[in-house]
């Protein structure tokens, strides 16, 4: 790896896709890669008619081209598949989208859908039993810029519902769709890296916590009726294995599995017992197939870094350091030890003039640019995403600072060669 990395430092690829892959695989670039997530900022401002004047008639890809930015394609735009039923089973933790390497097949499940401008209600029937879920409707999402519906009513309302859900999931099938994933890759092309989506849940138990039971009740159930919770986890396990199988069978180079960890929501004991084994299970399968695992570590990571160090994932996506959390970017870098690539690192609150002054913003930016060199295992982005109310000039300042690192390193290299 050492010789290959040394070569790649002097022969960095030219396309955004190639550059991103090179860094994820351990190359040391001559400058800092900046590939920010702009979709929520774009969707919200486009809906409100508040995009910068020069971009009013541009698509998100066109804005990226004009700004000379790589295209961030990690978290899917779930809402774009709403008309095809992609959000129907969101309250059960499953989304469907043409870009995914699989399709969650609920055709053997009896359910009915009711949609109003405010909410999406789904009622699942299993003989005399039924379960009802509610989430925000697509119309609400389009106005907000988000694409993930909020949960308004969880599937599990009492312990008996665990058994009902276990039976429901026994009827669900995960069907590989490698052609959809390949078409997604072709569409993103060289503008960025098409990261394939598996699940925001990092394993069956995390799935229950995230989507099926309110947070506080879940942890009480884990103590009061652990057998019922465990049976539902066991019913979900084959589906999660099938998700990983679908990713292995696809052309995806990088795969997203698991998201939104936080020391208070997924504390270290829970993470180590229920999430880490599934991340490692996915990582091992993907690595055997020559693929990389990305997981979305965007919460408070204090207390979790030691857990991450025991995991075998390749990319810590959307790392959000101090001042929004307790740990600095430097502490994250030291913990990952040149093994895991950080994609993120710039706190979103610093993009808001209402939160931080220009001087504080500039000081933090200067520290990132200077202190984080060399830029191996680092792709700078605004974590978790560029806020809709972000100061656009600060985005340009980030872009320009990253671009200057490439010019500066090349200039030093030419000067050194001339002196020699």
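The values are calculated or read from the model by the stated rules, or taken from the named source; none is laboratory data. Being a predicted model, the structure only gives us computed values, none of them experimental. We place every Cβ from the backbone using ideal geometry, glycine too, and count neighbours over all the protein chains shown.
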Looking for whichever is out of contact with any helix residue (DSSP H, G or I) (no Cβ under 8 Å at 6 or more places or on another chain) and surrounded by 15 or more Cβ atoms within 10 Å (Cβ to Cβ) here; the options are 290, 299, 258. Which one fits? 299
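Quick grid of which residues meet (1) crowded, with 21+ Cβ neighbours inside 10 Å; (2) at positive phi; (3) within 20 Å of the chain's Cα centre (by Cα):
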{"position": "311", "(1), (2), (3)": "yes, no, yes"}
{"position": "344", "(1), (2), (3)": "yes, yes, yes"}
{"position": "357", "(1), (2), (3)": "no, no, no"}
{"position": "364", "(1), (2), (3)": "no, no, no"}
{"position": "372", "(1), (2), (3)": "no, no, no"}
{"position": "383", "(1), (2), (3)": "yes, no, yes"}
{"position": "400", "(1), (2), (3)": "no, no, no"}
Restrict the check to the range 78-95 and report whether at least one residue is over 24 Å from the mean Cα position of the chain (by Cα) and not in a loop (DSSP other than H, G, I, E, B). no
Checked against (1) part of a loop (DSSP other than H, G, I, E, B); (2) closer than 20 Å to residue 394 by Cβ, residue 74 satisfies every condition except (2)
For the range 220-240, enumerate the residues that are touching a helix residue (DSSP H, G or I) at 6+ places or on another chain (Cβ under 8 Å) and more than 30 Å from residue 175 (Cβ to Cβ). 221, 222, 225
Go through (1) buried (at least 23 other Cβ atoms within 10 Å of the Cβ); (2) within 21 Å of residue 101 (Cα to Cα) for residue 318 and report which single condition fails. (2)
Failed criterion for residue 300 (all others in (1) farther than 22 Å from residue 24 by Cα; (2) over 17 Å from the mean Cα position of the chain (by Cα) hold): (2)
Can you report the number of residues in the range 155-167 which are assigned to a helix (DSSP H, G or I), in contact with a helix residue (DSSP H, G or I) (Cβ under 6 Å, 6 or more places away or on another chain) and surrounded by fewer than 20 Cβ atoms within 10 Å (Cβ to Cβ)? 1
For residues that are farther than 20 Å from residue 293 by Cα and in contact with a strand residue (DSSP E or B) (Cβ under 9 Å, 6 or more places away or on another chain), tally how many sit in the range 191-209. 1
Restricting to the range 134-154, name every residue that is surrounded by 15 or more Cβ atoms within 10 Å (Cβ to Cβ) and assigned to a loop (DSSP other than H, G, I, E, B). 137, 145, 146, 147, 148, 149, 154
Is there a residue being surrounded by 14 or more Cβ atoms within 10 Å (Cβ to Cβ), under 30 Å from residue 392 (Cβ atoms) and modelled with pLDDT of 95 or more anywhere in the range 104-121? no
Residue ranges of helices (runs of 4 or more DSSP H) in the range 282-386 with at least 2 members at pLDDT 95 or above and touching a strand residue (DSSP E or B) at 6+ places or on another chain (Cβ under 6 Å): 329-336
Within the range 118-133, the residues that are assigned to a strand (DSSP E or B) and more than 15 Å from residue 156 (Cα to Cα) are 119, 120
Provide a single number: the residues in the range 184-198 that are crowded, with 22+ Cβ neighbours inside 10 Å and out of contact with any helix residue (DSSP H, G or I) (no Cβ under 6 Å at 6 or more places or on another chain). 3
The residue from 101, 36, 52 that alone is in contact (Cβ under 8 Å) with a residue 60 or more places away in the chain, buried (at least 22 other Cβ atoms within 10 Å of the Cβ) and in contact with a helix residue (DSSP H, G or I) (Cβ under 6 Å, 6 or more places away or on another chain) is 101
